[in-house]
Amino acid sequence: MTRRLPLTVALMVAMLPLTTVTEAQDAVTDFYRGKSIRFVIGAIAGGGNDGYARLVARHLGRHIPGNPTILPINMPGASGHVAAGHIYNVAAKDGTVIGSTTPGVITDPLWAGEAGRAKYKYDPVKLVHLGSAQAATYNCYVRADAPVKTIQDVYKTEVILGAASEGGSTRDAPVLLNNMLGTKFRVVTGYPGTREILVAIERNEIQGVCGMGWDAMYSQRPDWVAKGFMRVLVQENLGGNPMFDKLGIPRSVDLAKTPQARQIMELAYTQQAFGRPYILPPGTPADRVAALRRAFMAATQDAELLAEAKKMRVEVRPLSGEDIEALVNKMYALPAEVIERTRAALTYKPPQ
């Protein structure tokens, strides 16, 4: 009896961590059972961000302990900033609200600098990052009848583009090209989303759009590039797309005229890693954050979700909340002079 006591104690001690984990999982399950999660989508219905968010929402619930119901709610405005402010300041901090935002929600306060950051009603570093459904790869597209054939033509000839508001990729991407490469894109802002921009292109109100992912273009207008209605002028990303590489479509970073210009462009394009980001309010309990992050990664690798994504003609390449958090912290620790140079590169000046 005396000799067996240490073994019994050792077994009990070994079981303690497992018991603690199980109790934590049970607590999360008990919390979510029978509840609903509000899925706040910071975009209008029908656009690329809305499509991705609703895709995730349809599959996320069954991977969360307790299997809560997911209720998508659109809250458009200011390229996702309205929804981000709601998540940060108003939403319940108990794990029953998730926000779908845009990469600009994470990076715009950074480029604004200390003086301009006050206008944003949230702090990207303090937001809880759930994950991203896709790392975006942007391109610049123009109608085939536009007066340019190559990106170099835009150095001399003005092209009118449609865009959302400041901070959205459709606005910031061509502004970056203007300031770093010398292109003459005239950017018309105010479109609610890519759906409205594409309708305006169809009507020939504008001549194109930059800062739009290939997946978003292909899912909404799958035949435009293939049938020659639209032309891809340049790839606005770091890695390039093999399909467009084979067609000889240049990457904008390779056209930078100085090492400093390339560095600024590479930093600005880093936000594409965030792609389709999802957030939680600061103060959300750690055990629920961990459970939701695991559920997000499981959902975005789920065979049913991927099959549906294929039918939607969209690509799902998830990035974990932990990875996004690390990248956000790294970017916000950059030297002030680097941030200021990038901010200046994203300041729009109409072509003369």
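Residue-by-condition table, conditions (1) farther than 30 Å from residue 155 by Cα; (2) crowded, with 18+ Cβ neighbours inside 10 Å; (3) in contact with a strand residue (DSSP E or B) (Cβ under 8 Å, 6 or more places away or on another chain):
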{"position": "251", "(1), (2), (3)": "no, yes, yes"}
{"position": "257", "(1), (2), (3)": "no, no, no"}
{"position": "271", "(1), (2), (3)": "no, yes, no"}
{"position": "276", "(1), (2), (3)": "yes, yes, yes"}
{"position": "280", "(1), (2), (3)": "yes, yes, yes"}
{"position": "305", "(1), (2), (3)": "yes, yes, no"}
{"position": "309", "(1), (2), (3)": "yes, yes, no"}
{"position": "334", "(1), (2), (3)": "yes, no, no"}
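Of the numbered criteria (1) part of a helix (DSSP H, G or I); (2) in contact with a strand residue (DSSP E or B) (Cβ under 8 Å, 6 or more places away or on another chain), the one residue 98 fails is (1).
For the stretch 312-322, give me the residue count where each residue is assigned to a helix (DSSP H, G or I) and hydrophobic (A, V, I, L, M, F, W, C). Outline the logic, then answer.
Step one: of the stretch 312-322, the residues assigned to a helix (DSSP H, G or I) are 312, 321-322.
Those still in the list that are hydrophobic (A, V, I, L, M, F, W, C) too: 312.
Summing the residues that are assigned to a helix (DSSP H, G or I) and hydrophobic (A, V, I, L, M, F, W, C) in the stretch 312-322 gives 1.
Of the residues making up the stretch 44-94, just one is farther than 21 Å from residue 30 by Cα and among the acidic types (Asp, Glu), namely 50.
Counting only residues that are in contact with a strand residue (DSSP E or B) (Cβ under 6 Å, 6 or more places away or on another chain), outside any loop (DSSP other than H, G, I, E, B) and under 16 Å from residue 50 (Cβ atoms), the stretch 63-95 holds 6 of them.
The single condition among (1) closer than 27 Å to residue 214 by Cβ; (2) surrounded by 23 or more Cβ atoms within 10 Å (Cβ to Cβ) that residue 150 does not meet is (2). Scan the stretch 300-352 for residues that are aliphatic (A, V, I, L, M) and under 18 Å from residue 274 (Cβ atoms) and jot them down. Across the stretch 300-352, the qualifying residues are 314, 316, 319, 324, 326, 327, 328, 331, 333, 334, 339, 346. Within the stretch 243-263, not a single residue is within 26 Å of residue 55 (Cα to Cα), aromatic (Phe, Trp, Tyr) and at pLDDT below 95.
Considering 325, 266, which residue is assigned by TED's automatic domain parsing to the domain that holds residue 178, part of a helix (DSSP H, G or I) and either within 19 Å of residue 122 (Cβ to Cβ) or not aromatic (Phe, Trp, Tyr) (or both)?
On the way: 325 fails: assigned by TED's automatic domain parsing to the domain that holds residue 178.
After applying the criteria, what remains is 266.
Taking first residues from the stretch 166-189 that are under 13 Å from residue 208 (Cα atoms) and in the same structural domain as residue 111 (by TED's automatic domain parsing) and partners that are among the aromatic types (Phe, Trp, Tyr) and modelled with pLDDT under 95, no Cβ contact under 8 Å between residues at least 6 apart in sequence or on separate chains turns up.
Taken together, 200, 226, 268 contain a single residue that is in contact (Cβ under 8 Å) with a residue 40 or more places away in the chain and at negative phi, which is 268. Examine the stretch 269-290 for a residue that is more than 13 Å from residue 130 (Cα to Cα) and aliphatic (A, V, I, L, M), and state whether such a residue exists. Taking every residue of the stretch 269-290 in turn, at least one turns out to be more than 13 Å from residue 130 (Cα to Cα) and aliphatic (A, V, I, L, M).
If I filter the stretch 25-40 for residues that are at pLDDT below 85, in the same structural domain as residue 286 (by TED's automatic domain parsing) and surrounded by fewer than 19 Cβ atoms within 10 Å (Cβ to Cβ), do I get at least one hit?
yes
Scanning the stretch 67-110 for residues that are surrounded by fewer than 20 Cβ atoms within 10 Å (Cβ to Cβ), under 16 Å from the mean Cα position of the chain (by Cα) and on the phi > 0 side of the Ramachandran plot returns a single hit, 77.
Does the stretch 269-299 hold any residues that are in a helix (DSSP H, G or I), touching a Leu at 6+ places or on another chain (Cβ under 8 Å) and not β-branched (Val, Ile, Thr), and which are they? Step through it out loud before you land on a result.
The initial filter retains those residues of the stretch 269-299 that are in a helix (DSSP H, G or I), namely 269-273, 286-299.
Narrowing further to those that are touching a Leu at 6+ places or on another chain (Cβ under 8 Å): 269-270, 272-273, 289, 292-293, 295-296, 299.
269, 272, 273, 292, 293, 295, 296, 299, listed by residue number.
The listed residues are 199, 159, and the only one of them that is over 15 Å from the mean Cα position of the chain (by Cα), over 30 Å from residue 38 (Cβ atoms) and not assigned by TED's automatic domain parsing to the domain that holds residue 323 turns out to be 159.
Beta carbons closer than 7 Å, at least 6 apart along the sequence or on distinct chains, pair a first residue in the stretch 308-321 that is β-branched (Val, Ile, Thr) with a second that is outside any helix (DSSP H, G or I) for 316/133; 316/134; 316/300.
The values are calculated or read from the model by the stated rules, or taken from the named source; none is laboratory data. Computed from a predicted model, the values in this text were never measured in an experiment. Note that each Cβ is placed from the backbone with ideal geometry, even for glycine, and that neighbours are counted across all protein chains shown.
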